[in-house]
Amino acid sequence: MARQLTLDLTMPPASSRDDFLTTGANRDALAMLDAPERWPQGRLMLIGGPGAGKSHLAGFWAAERDAQIVQGWTLNAGNVDELMPMGGAVVVEDGHEIGGNPAAEQGLFHLWNLTGARQGLLLITAQLPPRDWGIVLPDLRSRLDTAAQAVLPPPDEALLPAVLVKLFADRQIQVAPEVVDWLALRMDRDLDLARRLVAAMDRESLADRRAITRRLAAELLDKLAPPDA
């Protein structure tokens, strides 16, 4: 049977606070996010691997505080002044991409200082702690190294299957619980892998008109995360 041409018609992921899946793995980070009065000088780093939920957390936090969200690499000394009004809030996404970019480093340094001067809040998301960003500007590096950090660890036993269910639901796919349970027991606790795996199962199911079964899940898990990788 010829493979069917597929279009990605995925619905935008549900990204409100109510849609965030809270377990022991991320409860502490969420608690820190919800207590900005405890952030030293109004600044917090939110650190976690790809797919850990940083953007989901930062997104609803920003929506609740009318905060602007910007990508770290877009910052420069000329565009940050308008981002932080008096008593305002800003989210800088993918802070780890700033290192080695002189304009972005200068921009974040200026935004850091504005946060204090204007009694604002600054939330920075990143995949790695600041010491691993390759920051060249000494004054920025010293400030980032002292920032408070909320860390999103790998998912626990409760979070991974819940995330798989949500990923399927975001694509409007109904999957038998035994498929989710089978995957959760055999795959690494890696939320980025979970996202790629669900996307691949969706594509294969549509292209070959196959049901999403344990067999299909096993085939794609072997391709995306081979045992000897």
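The values are calculated or read from the model by the stated rules, or taken from the named source; none is laboratory data. Since the structure is predicted, the reported quantities are computational estimates derived from the model, not experimental observations. Cβ sites come from the backbone with ideal geometry, for glycine too, and all protein chains shown count toward neighbours. For the accessible areas, the whole protein counts, side chains as well, though only heavy atoms, and no ligand, DNA or RNA atoms are used. Shrake-Rupley method; radii C 1.70, N 1.55, O 1.52, S 1.80 Å.
Here are a few things to note about the model shown:
- Any hit, the stretch 139-162, residues being modelled with pLDDT of 95 or more and in contact with an Asp or Glu (Cβ under 6 Å, 6 or more places away or on another chain): yes
- Hey, G53 modelled with pLDDT under 95 and open to solvent by 60 Å² or more (accessible area, probe 1.4 Å) or not: no
- In the set L185, L83, only one residue is hydrophobic (A, V, I, L, M, F, W, C) and open to solvent by 50 Å² or more (accessible area, probe 1.4 Å); that residue is L185.
- Looking across the stretch 95-114, just one residue is acidic (D, E) and open to solvent by less than 40 Å² (accessible area, probe 1.4 Å), and that is E105.
- Filter result (of a type outside the set (G, A, S) and in contact (Cβ under 8 Å) with a residue 40 or more places away in the chain) within the stretch 87-138: W112, T115, Q119, L121, L122, L123, I124, T125, Q127, L128, P129, P130
- Tally of residues being assigned to a loop (DSSP other than H, G, I, E, B) and at pLDDT 90 or above across the stretch 8-42: 3
- In the stretch 182-195, the residues that are within 30 Å of L44 (Cβ to Cβ), in contact with a Leu (Cβ under 7 Å, 6 or more places away or on another chain) and in a helix (DSSP H, G or I): L193, A194, R195
- Residue that is of a type outside the set (S, T, N, Q) and surrounded by fewer than 21 Cβ atoms within 10 Å (Cβ to Cβ), where the choices are A150, A117, A126: A117
- Unique residue being over 26 Å from F20 (Cα atoms) and aromatic (F, W, Y) when the list is W133, W182: W133
- Sole residue being part of a loop (DSSP other than H, G, I, E, B), β-branched (V, I, T) and either out of contact with any Ser or Thr (no Cβ under 6 Å at 6 or more places or on another chain) or surrounded by fewer than 18 Cβ atoms within 10 Å (Cβ to Cβ) (or both), chosen from V179, V136, V163, V198: V136
- Residues in the stretch 24-47 that are at positive phi and either open to solvent by less than 30 Å² (accessible area, probe 1.4 Å) or touching a Lys or Arg at 6+ places or on another chain (Cβ under 8 Å) (or both): G42 only.
- Evaluation of A63 against the conditions (1) open to solvent by less than 30 Å² (accessible area, probe 1.4 Å); (2) of a type in the set (A, V, I, L, M, F, W, C); (3) within 20 Å of R17 (Cβ to Cβ); (4) free of Cβ contacts under 8 Å to residues at least 60 places away in the same chain shows that the sole unmet condition is (1).
- Of everything in the stretch 209-229 that is in contact with a Leu (Cβ under 9 Å, 6 or more places away or on another chain) and modelled with pLDDT under 85, the residue that is most open to solvent (accessible area, probe 1.4 Å) is R210.
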